[in-house]
1. Read phi for every residue in segment 252-264 and hand back ³J(HN,Hα) as whole Hz from Karplus 6.51 cos²θ - 1.76 cosθ + 1.60, θ = phi - 60°, with x for Gly and Pro.
2. Determine, for each peptide in 142-149, 198-205, 214-221, 265-272, the mean count of other beta carbons within 10 angstrom over its residues, then list the peptides with the highest first.
3. Spin-label point model (7 Å from Cα, Cβ direction): what's the ARG247 to GLU75 distance in nm?
4. If you wrap segment 1-144's Cα atoms in a convex hull and average its projection over all directions, what's the area in nm²?
5. Could you please report the charge total around LEU200, scoring K, R as +1 and D, E as -1 over all other residues with beta-carbon less than 12 angstrom from its beta-carbon?
6. Computed over the Cα atoms, what is the radius of gyration of segment 212-309 divided by 2.2 N^0.38 Å, N being its residue count?
7. In debye, nearest 20, what is the charge dipole magnitude of segment 423-503 about its Cα centre with +1 on Lys and Arg Cβ and -1 on Asp and Glu Cβ, if you could check?
8. If amide H atoms are built 1.01 Å from N in the plane of the peptide, which residues on other chains or at least 5 residues away come under 5 Å of the amide H of MET94?
Amino acid sequence: MPDIIQLLPDAVANQIAAGEVIQRPASAVKELLENAVDARSKRIEVFIKDSGKTLIQVIDDGSGMSPSDARMAFERHATSKIRNAEDLFSILTMGFRGEALASIAAISQVEIKSRRHEDELGTYIEIEGNEMKKQEPAGVPGGTSISIKNLFYNVPARRNFLKSNSIEARHIIDEFERVAYANPEISFALNQNGIDIFRLASSNFRQRIVAINGSVYNERLVPVEEVTSLLTISGFIGKPEFSKKTRGEQFFFVNKRFIKDGYLHHAVTKAYEELLPHDSFASYWLCIEIDPSRIDVNIHPTKTEIKFDDERSIYAIVRAAVKRSLGMYSVSPTLNFEHEKSFDVPYNMRFQAVPKPALTINTGFNPFDSDNKKIAAAGWQSQKDVSSGTIEKAFEINTNETLFAPEEKDLQVFQMKNFILCPQDDGLLVIDIAAAREIILYKRFLHQLGSSEVITQQSLFPQTISFSPGDNELVKEIIIEIRNLGFDIQEFGPNSYIIHGIPSDVDPGKVKDILESMVEQFKHNSSSLSTGLPDKIARSLAKSISIRKNSLLNAQEMKMMVKEILKMEDPQRNYGGKPFMILLKTAFIEGHFS
Ligand code: ADP
Ligand code: MG
């Protein structure tokens, strides 16, 4: 019997390796982007056709390669980034395994142009299925351009496994965003089928997050900064109220490499604890800088999972850093209940100059400190204590006639914090202003969507608004409804719109914010609440407008609100699962004094 073991030809070995490294077009985009970053580029552009299935081209202005390096780069285990095994413990480059280009070349047709800045002439190479077809000197710009055509052309099984164009495009955008976040000082562009999806100028981290996600993100971010002897953490976390029902905005970068780490994710989530609504995910973009000898990046071919030598300390530091930032952020919107005086504001104050609401901010406030927590909750707590036992009954929402009958009767109204107080024959009606405003608007918009007539206020100054590519897909889906609500909105370039008119309830200064947040609301509106598209849209817009609460209302506004609510034919007990008004019954109040 002859021996049966043979060495695999390189081309086969590379194809097998490619299966691990290059699973889909997005993996190739990631590898090429990382190479461009490693080459210290200042500008990187990605061009995609058919979601990367026919073309992926990455052009950089980095170091470039000599003609022989350019050829060598496509050999397996060919890398300029490490020389020996020890170097594995000091890796600061994205790549080091030297297999990305070899893998890509094994399963596609590759064209490469490269020139070192110091060289006069560059080089042009064509490779197909790992075979060099052509190499010649070429006058090309400084830096490197690599085109990958017909990925998986010789691995039909792989090609058939690819998902729809929109899904593959989504993966590419994800990979692109990760690299773009990790390197805000580099300018990036992503162009698909001739249309720019991103064009990101060199900036700082915060600006980069905002550039990728839209300007509404600016107010959502809370900085995180922690320097310890083990590591440095910097970046941003999302304010709890902007947490989302879907995953997708959780980013860890370790030495500029995007990683997935369930354990560290847990650390962040733990820090938010009760601040996060049930079932929602906090957003974060956290960068960890750590001595590379303390991590092992080598454990996964796509290098998205790494091992820390001291996981538990890192967990503790991440958690503490996030907690501290949340604590500091919570200072501003937290009113100190003991100093709030607006209860005794007379209702006819509209005839007087409106004083600024007196509120004192406790700058030492930390919501995680148990003492402080008690103070913060005191307003509610004390009420609850005295009424224990009867609380459910006392807060029952009145559905009997007395509440809804006396439409003509003049109402007395007071504002206390974010509530309207309105005495009734049988008790004191307490209305949550923001919630009430939201339900009123919701009803109005729903009605508007159902009617054929569009009411728009033309704006003096048209405004333009842009969406992220992902969001724009959504906007296209609901643009007719947006117009029916009273937005005079027209397409205006890729992902951009021009707005000539708006609904009367929308503040012209906030059009952008409101539309962006409406799209966001729409995206995360859980479908269980809403029945149809109009309902979902009406809710989203109502919510976006009424999110801005805390305003001081005059008596007339309050009365109008109360009347509008009492007028509703089906006075709802709640809206979206939350109550928006309660009646403190006279008997309940009397009970406290007997
Ligand atoms: P690795 O990145 O792990 O070293 P790759 O196969 O991705 O392996 O690349 C092989 C080598 O080719 C790199 O080490 C680098 O020297 C060179 N190279 C690849 N892309 C570029 C680029 N855009 N600019 C300059 N050099 C590059
Ligand atoms: Mg590489």
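1. Couplings: 10, 10, 10, 6, 6, 9, 5, 10, 10, 8, x, 5, 5 Hz.
2. Sorting 142-149, 198-205, 214-221, 265-272 by mean packing, highest first, produces 142-149, 265-272, 214-221, 198-205.
3. Output for this residue pair reads 4.1 nm.
4. Numbers: hull surface 42.7 nm².
Projected area, direction-averaged: 10.7 nm².
5. Details: positive: ARG43, ARG199, ARG208; negative: GLU45, GLU177, GLU185, ASP196.
Here the charged neighbours net out to -1.
6. On the way: Rg = 14.1 Å, N = 98, 2.2 N^0.38 = 12.6 Å.
Computed over Cα atoms of segment 212-309, the ratio equals 1.12.
7. Details: 5 positive and 11 negative charges, 43 e Å.
That gives segment 423-503 a dipole magnitude of about 200 debye.
8. For MET94, whose amide H was placed from the backbone, the distant partners under 5 Å are ASP38.
Values in this text are rule-based calculations from the coordinates and carry no lab data. All of these numbers come straight from a predicted model, not from anything done at the bench. Neighbour counts run over all protein chains shown; Cβ positions are idealised from the backbone, glycine included.
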